[in-house]
Amino acid sequence: MTGNILNVTRHMLLRAVVLFITVVVGVYIVIFVANMGGEVDQMRREQIRFEVTQQIYANPEYQDMEREKLENLIEDTIQRRYSLQGLDRPFIFRSFRYLRQAISLNLGRSEQVTSDSGSRQVRRVLVERLPPTLLLFATAQLLIFFTGIAVALYLAQRYGTILDRSVIALAPTSAAPGWFYALFLILIFAGWLDVMPWGGMVKAPPPDGNLAYALSLLRHLTLPAVAIFMGAIFRSIYGWRTYFLIHSKDEYVEMAEAKGLTPRAIQRRYILRPSLPYVVTTFLLIMITMWMGQVVLETVTNWPGVGSLFIQAINLNDTPIIVGVSVIYAYLLATTVFSLDFIYAIVDPRIRVGEGGRK
């Protein structure tokens with residue numbers, strides 16, 4: 001028993017260390033790219049120099065000052081502004097400070113973007129934008145998961161039928177991202193039929209009353225959620241259906257059929273259960289991959305989430321926001337990978353965490 005606990009603890013620590021190193025490297029790359037290797041710092045210096053020069057020359061108090069003293073005042077003010085923002089040090093040193101702050105989620109203040117309440121704290125901006133993204137993403141992913149499993153199990157028992165071939169033929173359509181379908185759905189249902197909103201989260205101004213607000217939210221949620229669903233459902237069905245087919249040919253399934261078990265019981269106990277590790281893995285990795293796909297989809301549908309915030313920050317060169325969104329994504333990915341071993345152990349008792357195999 002003690003040996004098992006030590007194995008599990010050692011495995012968890014090793015996995016956590018490896019994932020943490022991966023997150024650190026990934027975040028540093030984002031910091032380096034977002035600052036263009038220090039170019040953004042140079043742009044900030046030039047902007048500070050321009051603003052300070054304009055302010056001092058426009059101040060009536062300094063109009064009678066000698067030119068040499070005026071230039072010294074401008075330079076001293078510029079250097080103080082550089083020092084306050086840390087721009088008086090080389091970027092390579094600043095980048096490691098950015099890295100330390102990002103890893104500890106001390107994300108500081110944004111440079112351009114503000115929250116709805118007017119705050120420039122990156123954490124507050126992200127907390128404000130995260131719930132809409134989670135709502136949209138969770139709704140679409142739950143639809144994909146439960147619909148995909150149900151249809152894949154159904155098709156696995158009807159291999160080669162017209163329905164099976166038709167659904168599998170649609171698998172390549174999942175190569176297109178969700179935002180691609182969002183464009184067509186908006187054109188058809190908002191532009192042509194005029195039965196759905198063009199975008200946003202609720203109508204403006206927001207309706208009074210909880211029920212009216214919920215109905216407006218549901219109406220605005222439909223098109224982007226369906227777009228995400230269409231961008232992944234057939235790929236998921238194809239992969240899961242193929243794996244269910246493999247397990248349906250195992251000897252223990254044929255033995256269960258010979259014992260007279262119902263098809264529903266066979267699917268649940270002998271096909272779905274041993275396939276769950278694969279199903280969960282593919283679903284979680286698809287989910288993580290699609291999370292960053294939200295960036296374009298939220299922009300297309302004008303959904304006020306983290307994705308549209310990311311695009312806004314890129315357009316404004318708001319490095320703290322860009323790094324903050326990337327850190328959240330990195331931690332989300334690392335947490336998902338870290339939890340996979342434990343999910344495996346829950347859905348498949350044959351797997352023992354930390355023992356390197358099945359028993």
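The values are calculated or read from the model by the stated rules, or taken from the named source; none is laboratory data. Model, not experiment: these values are computed from the prediction. We place every Cβ from the backbone using ideal geometry, glycine too, and count neighbours over all the protein chains shown. The accessibility values were calculated without ligands, DNA or RNA, using every heavy atom of the protein model including side chains. Shrake-Rupley method; radii C 1.70, N 1.55, O 1.52, S 1.80 Å.
Miscellaneous remarks
- Mean projected area of the convex hull spanned by the Cα atoms of the chain, taken over all viewing directions: 27.1 nm².
- Dividing the convex hull volume of the alpha carbon atoms of the range 37-124 by its residue count gives 114 Å³ per residue.
- Most positive-pole-ward Cα, ILE186, LEU87, LEU134, against dipole of the chain from beta carbon charges: LEU134
- Exposed GluC sites (Glu not before Pro) absent - longest run of the chain, DSSP non-H/G/I/E/B, at most 14 other C-beta within 10 Å: 67-354
- Normalised by the number of residues in the range 1-155, the average gap of Cα pairs under 8 Å and 6 or more apart makes the relative contact order 18 percent.
- Backbone phi angles across the range 73-78, fed through the Karplus curve with coefficients 6.51, -1.76 and 1.60 (θ = phi - 60°), yield HN-Hα couplings of 5, 4, 5, 5, 5, 4 Hz in residue order; Gly and Pro are listed as x.
- Relative to the longest principal axis of the Cα atoms of the chain, the long axis of helix 91-103 makes an angle of roughly 50 degrees.
- Overall dimensions of the range 79-131 as given by Cα atoms, namely Rg and Dmax in Å: 13.1, 41
- For ARG109, the residues whose amide H sits under 5 Å from its own are VAL122, ignoring neighbours fewer than 5 places away on the same chain, with H placed 1.01 Å from N.
- Tilt relative to the chain, helix 2-34 - C-alpha long axis, 0 to 90 degrees, to 10: 40
- The value for the range 169-264 of Rg(Cα) / (2.2 N^0.38 Å) is 1.67.
- In the range 22-116, a dipole from Cβ-located charges (positive for Lys and Arg, negative for Asp and Glu) runs towards its positive end, and of TYR62, ALA34, ILE103 it is ILE103 whose Cα lies farthest in that direction.
- Sorted largest first by accessible area at a 1.4 angstrom probe radius, with every protein chain in place, the residues LYS69, LYS259 fall in the order LYS259, LYS69.
- With kT/(6 pi eta Rh) evaluated at 10 °C and eta = 1.306 mPa s, and Rh the Kirkwood radius from Cα pairs, the range 215-341 diffuses with a coefficient of 90 µm²/s according to Stokes-Einstein.
- The chain: relative contact order in percent, alpha carbon pairs under 8 Å with at least 6 residues between: 25
- Across the range 79-213, the mean sequence separation of Cα contacts (distance under 8 Å, 6 or more residues apart), normalised by length, yields a relative contact order of 8 percent.
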